[in-house]
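Student: This is the structure I have questions about; it appears just below.
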Amino acid sequence: MNDNIKPRAIIVGGSLAGLFNAIMLRSIGWQVDIFERTPHALESRGGGIVLQPEVELAFELAGLKDYPDLGVVSHERLFLNDDGSIAQRMHGQQTLTSWPMLYNTMRNAIPDDNYHLNSRLVSVSEEDDSKVTAVFEDGRVVTGDLLIGADGVNSTVRSLMLPGITPDYAGYVAWRGLVKEGELDPEVAELLSQRFVFHQYPGSHILQYLIPAPDGSTRAGDRYFNWVWYRNVSADDLPKLLTDRTGRSRPTSVPPGLAKQESVDEMHVAAKSQLAPQMARLVLATKEPFIQAILDLSVNRMVFGRVILTGDAAFVPRPHTAASTSKAAANAIDLAVALRHGDENLGTVLAHWEQRQIALGERLQSQGQMLGNRSQFPASAQ
């Protein structure tokens, strides 16, 4: 890896995990090419994200000096009673960001010539343990020193390396939504603004916080209230819920604007009867709520010669940990540090990296399952 010719990474997946790997490897002198299967530029996926130290560290190590304020600061946590009164107040600052903010900041650091859309991976092969080759559906053949599977929960790379390993449904979904700051009742907005607010009740909870606008603005009035409401849905009923208004069956989520009206109507009725009044009004003010099935996924291997899995392609911690994005950043930081400073051969470096990442993934998965099951299935979690 110390030759005059820069080593090259083939990164499969152009969302956050792929971009974290790209900015980190570029920072240590690697060439990187990202191959994203979707034909169009990625749109916002998931709304709000709790900003963790690993994300800021990745930006710092990658030399992204000019990135903007990454989020909106919450000054305290509030826990609401069923009637909307404050049950508990906890002081402490936390920064809340968004998928578009992180995506756009990193995507702008990658030259367009190195970010390839409409690139669906077909196969992977290695030659004499010296190179790895990726073949794409359009016939392109790309060779590099390392192939990184950063293509998410429905990873093609994982399906090639570990056929049969697929995510398990956890028994509940997250309804999510965004409401522009100026479009919410002023009295409710005043309570929710710049606070992390929760309403917990037996078998569920909802939370909300402010995030930057899609264009990155953190100015008052431009920002959005981001909410997440966890609701139990049986495995038998899940396919119906994940069938969108066009009749298309979706594997894990229904994007904004595509949830069936009957599903939205049922959710609205439940909000009025189950949620604290402020949270119900926030949910009802949402124009395009969307749905995310909560999944569990883990692997016992992340390294396959010169092919590795990273981010949600390897482990999917439940969102209660607020750690999916930070885990992807941690995977990428540790990989870059290991490749830059490792004195051993590549196989040894990657074996040590794999051991650390599996330990991290297993810890987060266990923590997420404990938190989620305690919230959604309190009787069985005793």
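The values are calculated or read from the model by the stated rules, or taken from the named source; none is laboratory data. Quick caveat: nothing in here was measured; it's all calculated off a predicted structure. Cβ: placed from backbone, ideal geometry, glycine included. Neighbour counts: every protein chain shown. In case anyone asks, the SASA skips ligands and DNA or RNA and just uses the protein heavy atoms, side chains included. Shrake-Rupley method; radii C 1.70, N 1.55, O 1.52, S 1.80 Å.
Student: Ignoring ligands, DNA and RNA, how do Val264, Val135 rank by accessible area with a 1.4 Å probe, largest first?
Tutor: Descending accessible area places them as Val135, Val264.
Student: What is the set of long-range amide H partners of Lys260 at a cut-off below 5 Å, with H atoms built 1.01 Å from backbone N?
Tutor: Those lying under 5 Å, H to H, from Lys260 are Arg245.
Student: Distance from a point 7 Å along Cα→Cβ of Arg363 to each backbone N in the range 292-324: keep the residues under 19 Å and list them by number.
Tutor: 297-302, 310-312, 314-324
Student: Oh, and also: Helix 16-27 against the longest principal axis of the chain: what's the angle in degrees, Cα atoms only, rounded to the nearest 10?
Tutor: Helix 16-27 sits roughly 40 degrees off the main axis of the chain.
Student: If you don't mind, there's one more thing I want to ask. May I ask you to evaluate 6.51 cos²θ - 1.76 cosθ + 1.60, the Karplus curve with θ = phi - 60°, for each residue of the range 180-189 and list the ³J(HN,Hα) values in order in whole Hz, giving x for glycine and proline?
Tutor: So the Karplus estimates, Gly and Pro as x, are 5, 3, x, 9, 10, 3, x, 5, 5, 4 Hz.
Student: Over the chain, give the accessible area per residue in Å² for a 1.4 Å probe, as an integer.
Tutor: For the chain, the per-residue accessible area is 45 Å².
Student: Separate question: Specify whether the C-alpha gyration tensor of the range 189-263 places it in the rounded, prolate or oblate class, a ≥ b ≥ c being the square roots of the eigenvalues: rounded for a/c under 1.5, otherwise prolate if a/b is larger than b/c and oblate if not.
Tutor: In terms of gyration-tensor shape, oblate.
Student: Between the helical axis of 261-274 and the dominant principal axis of the chain, each derived from Cα atoms, what acute angle in degrees is found, rounded to the nearest 10?
Tutor: That works out to roughly 60 degrees.
Student: OK, next. How tilted is helix 346-376 with respect to the longest principal axis of the chain? Cα atoms for both, answer in degrees (0 to 90, nearest 10).
Tutor: 10 degrees
Student: Across all directions of projection, what mean area in square nanometres is found for the Cα convex hull of the range 99-225?
Tutor: Taking the Cα atoms of the range 99-225, their convex hull projects to 12.1 nm² on average.
Student: Under the 0.36 nm per residue contour assumption, what length would be gained going from the current alpha-carbon distance of Ala41 and Asn345 to full extension?
Tutor: The Ala41-Asn345 span can extend by a further 105.8 nm.
Student: I'd like the distance between the alpha-carbon centres of the range 120-199 and the range 291-338, rounded to an integer number of Å.
Tutor: 9 Å
Student: Another one. For a quick protection proxy, order the peptides 91-103, 72-84, 327-339 by their average other-Cβ count within 10 Å, most packed first.
Tutor: 327-339, 91-103, 72-84
Student: Rounded to a whole number, what % of the accessible area of the chain do carbon and sulfur atoms account for, probe 1.4 Å?
Tutor: C and S atoms contribute 47 percent here.
Student: Could you calculate, for the range 1-137, the ratio of the Cα radius of gyration to the Kirkwood radius, expressed as Rg to Rh?
Tutor: With Rg and the Kirkwood Rh in hand, the quotient comes to 1.12.
Student: When every alpha-carbon pair in the chain is counted, what percent end up more than 31 Å apart?
Tutor: For the chain, the fraction of Cα-Cα distances above 31 Å is 37 percent.
Student: Which percent of Cα-Cα pairs in the range 300-373 sits in each 10 Å bin, short to long?
Tutor: The percentages, shortest bin first, are 20, 49, 23, 7, 0.
Student: For Glu36, Glu183, what's the largest-to-smallest order of accessible area, 1.4 Å probe?
Tutor: Glu183, Glu36
Student: Here's another thing I want to ask about it. Grab the DSSP H runs of the chain that are 4 residues or longer, score each as -39,500 (n - 2.57), total them, divide by all residues and round the 222 nm result to the nearest 500 deg cm²/dmol.
Tutor: Taking each H run of at least 4 residues, the total per residue is -9500 deg cm²/dmol.
Student: Return the percentage of antiparallel bridges among DSSP beta bridges fully within the chain, rounded to the nearest 5 %.
Tutor: In the chain, approximately 75 percent of DSSP beta bridges are antiparallel ones.
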